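Just so it is clear, none of the values below were taken in a lab; they were calculated from the coordinates. Bear in mind the structure is a predicted one, so any value in this text is a computation, not a measurement. Using ideal geometry, Cβ is built from the backbone for each residue, glycine included, and neighbour counts are taken over all protein chains shown.
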Amino acid sequence: MIVIDQERLFNESRYGQAILAEIRALSQKLAAENRRIEQELEAEEKALAEKRKRMEPGEFRVLAEDFNTRVEKIRKEQAAKEQAILGRLNERRLKFFSDVGRLVLRLTKEVGADIVLDKRVTIYAVPAADMTDRLIALVDRELVPPPEEGHTAPVPPLPPAPGPAAPQAPALGGFSLGTPLSAPDAGSTAPPPRNAPPGPPSGGD
């Protein structure tokens, strides 16, 4: 019997680190894009707030609804991009462990083992049964593509976690993405929504 720490194998092998570096780069790019979009929407919302002071409620309502519709569309698009990154990580992990499988088989033959256990589900095993370091060395020697093929240099591993996980890109948020813009009803004396400038004096459309 041998024991393998699958998370260490993925996080500490150069092959696994190249995958993590790729996913991290995609997540950072998405995070930067989210920040840029958020700033643009904040500027547009401020411009709409200024227009609101000079517009009739009905006119402003049309602009507010259009803005809210576009914000919701952007939210869904950015969330889909984040899910695509998670899907990419899952695909890369599956390919990684598929490629590693033949090396695990070779290792079991070399040491005469007929059982391989994941360290996370092992209650106790003698230290000599842990073949993680040996398998990492084997992966580094045989499975890491050469640098000229575009793979990045090793990076510090992410903290281990059960099951696939990816760096999270911050979701769009702030200002009033979660609070749609609204125009007051004609003749209403109710206070305007929170964080929104006061609407035009009551008096009807």
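Site pair N68 and E110 shows an inter-label distance of 6.4 nm when each label is modelled 7 Å from Cα along Cα→Cβ. Extending 7 Å from the Cα toward the beta-carbon at both V126 and K46 defines two label points whose distance is 7.0 nm.
Add +1 for every Lys or Arg and -1 for every Asp or Glu among the other residues with Cβ under 13 Å from the Cβ of E40, and state the total.
Working: positive: R35, R36, K46, R70; negative: E33, E38, E42, E44, E45.
Net local charge, E40 excluded: -1.
As a proxy for reagent exposure, S98, S27, S13 were ordered by neighbouring Cβ count within 10 angstrom, fewest first; the result is S98, S27, S13.
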